[in-house]
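S.K.: Before I ask anything, here is the structure I am working with.
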Amino acid sequence: MQDPDLQLADVARGVRVLTIAQPRRQTVDLSVFVRTGSQHERPRENGISHVVEHMAFKGTATRSCQQINLDAELLGAEVNAHTDKDHTAFHMSGLARDAPRFVRMLAEIVQHGSFPEAELERERQVILHELTEDDEDPVTAAFKLFDQACWGHHPYAQPVIGHRAAIARITRADLQAYVQRQYTACNVVVAVAGGIEPDRIAAEAAAAFAEMPRGQANLVPPPPFRGGLKKRRLSGSAQTHSVIGFPLPSLAGEPHAGIVAAALFGEGMSSPLLDQIRERQGLAYHLACSADITELAGQFVVEATTAPEQAGAYFAEVRRLLAEQAARIDPVALARARNQLAVRSLRQGEQAGRRLEAAALDLFARGAVRSQAESLARLQAVSAEQVRALITGMLAGPAAIAIAGKVPAGLAERAGALFGLGPG
């Protein structure tokens, strides 16, 4: 059951429209979500979703890049876009009275990109520079290695930004073919919040996407979790960045115990991760724990940046603290985690853009939108025994570990031995 203020309409050959009417607002946030991202790419074209996003505002069949920018700015509107593993999104925000026009403008950009050759060459260089920056960043490098350790050669492990060789060879014809294949009506959600009339937005979307082929749902088989150890030394890096992780259920499954477990273990200064490792022992400054849940899979993720000489002690302490949680869940810590998650969920619910994105991803993964009350209830219902059993199972199975930056001799072997893995 979806929230009563959120309306859902099916229009135009499978395009779905999500709206949240907020009569007191004079502005509007509008997004078009397309169910395509790096997990949908063939290996030779890895990064093409991101290139399409970069090129989306560079011209259409009827308007140049400059005209697109001017038309938006004359309305005082802002435009943006982003790419992820499971979706690509195009955004506009501006005055509520202009919402119907924004629908038409984004519909044109999504359906009729012209991908000018000269613009493609410029954007190719921009993305290649971005790749160089990523390659030199130990945090980004560690997470790329981490995905490989988790998912092996499955497309879900591919980086959103892509690979250098693929970016270098993508052509205008490749972009056109990719959009024709992936950008179809049943893979599109139009999401709008603000001072709007939902019925008018639905009618505008129906007209704007009327010619878009219905297509088939862009489905990818879920990846099996592999586990393993990856490392990469980066010259010039003075610190060690590491990521440790375990599998969790996907968005379509029941990820709530994993979400609570991550909040209990590493969210907030009183969590075991931050209290023990940072505050009491000073083994790391940057520490984080999260449950990363998407359409295909979930990950329980612990990341840290440490001094190289402290990295071994850090790994040992993470393993010890997880074992403590597997043995016993403190009721006070569980109450803290539940309350932190409740407040975070309620705050996100007050941000219309966040709510619309969550609802769109729910539609892609589950075919329905779960209400905020239902999600909260499921989180609050997670028991200490469920969390303990989850962590026990994580420690019994394979972990995924990635280490990047300055990697001391023998660190990978020691970390692997702690979590039952061989060196990578």
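S.K.: Build a GNM of the chain with springs between Cα atoms under 10 Å: which of 389, 206, 118 gets the top mean-square fluctuation?
M.R.: So, out of 389, 206, 118, the one fluctuating most is 118.
S.K.: Moving to a separate point now. I want the local charge near residue 2. Using Cβ-Cβ distances under 10 Å, sum +1 for each Lys or Arg and -1 for each Asp or Glu among the other residues.
M.R.: Cβ neighbours under 10 Å give a net charge of -3.
S.K.: Moving on to the next point. Considering only the other residues whose Cβ falls under 11 Å of the Cβ of residue 365, what net charge follows from Lys and Arg at +1 and Asp and Glu at -1?
M.R.: Values: positive: 35, 366, 370; negative: 86, 295, 362.
Result for the neighbourhood of residue 365: 0.
S.K.: Would you tally the net charge around residue 381, using a Cβ to Cβ cut-off of less than 13 Å, leaving residue 381 out, and scoring K and R as +1, D and E as -1?
M.R.: -1
S.K.: Determine the shape class of segment 67-175: with a ≥ b ≥ c the square roots of the Cα gyration tensor eigenvalues, call it rounded for a/c under 1.5, and otherwise prolate if a/b is greater than b/c, oblate otherwise.
M.R.: Prolate.
S.K.: Contour minus end-to-end for residue 168 and residue 78, with contour as 0.36 nm per residue of separation and end-to-end as the Cα-Cα distance?
M.R.: Residue separation times 0.36 nm, minus the Cα-Cα distance, leaves 29.4 nm.
S.K.: Could you order peptides 330-336, 57-63 by the average number of other Cβ atoms within 10 Å of their residues, highest first?
M.R.: Working: 330-336: 13.9, 57-63: 17.1.
The peptides rank, most packed first, as 57-63, 330-336.
S.K.: What is the antiparallel percent of DSSP beta bridges lying wholly in segment 6-208, to the nearest 5? Present the calculation step by step, with values, prior to reporting the outcome.
M.R.: Working: 29 of 35 bridges.
Antiparallel bridges: around 85 percent, rounded to the nearest 5.
S.K.: Strictly greater than 30 Å: what percent of every Cα pair in the chain meets that?
M.R.: Beyond 30 Å sits 48 percent of the P(r) for the chain.
S.K.: Also, quick follow-up: Using mean Cβ contacts within 10 Å as the protection proxy, how do 13-22, 349-358 order, highest first?
M.R.: 13-22, 349-358
S.K.: Taking the alpha-carbon distance from residue 406 and a cut-off under 27 Å, which lysines remain once sequence neighbours fewer than 8 residues away in the same chain are dropped?
M.R.: The reachable lysines, counting only those whose Cα sits under 27 Å from residue 406, are 144, 230, 231.
S.K.: Looking only at the chain, where both bridge partners belong to it, what percent of the DSSP beta bridges are antiparallel (to the nearest 5)?
M.R.: Percentage antiparallel, nearest 5: 80.
S.K.: A follow-up question, please. Per the helix-only calculation at 222 nm, which mean residue ellipticity applies to the chain, given -39500 (n - 2.57) for every DSSP H run of n ≥ 4 and division by its residues, nearest 500 deg cm²/dmol?
M.R.: -13500 deg cm²/dmol
S.K.: Expressed as a rounded percentage, what relative contact order does the chain have, with Cα pairs under 8 Å and six or more residues apart?
M.R.: Across the chain, relative contact order equals 22 percent.
Throughout, read-outs are computed from the coordinates displayed, never taken from laboratory work. All values derive from a computational prediction rather than experimental measurement. Methodologically, a virtual Cβ is constructed for each residue, glycine included, from the backbone with ideal geometry; neighbour enumeration extends over all protein chains shown.
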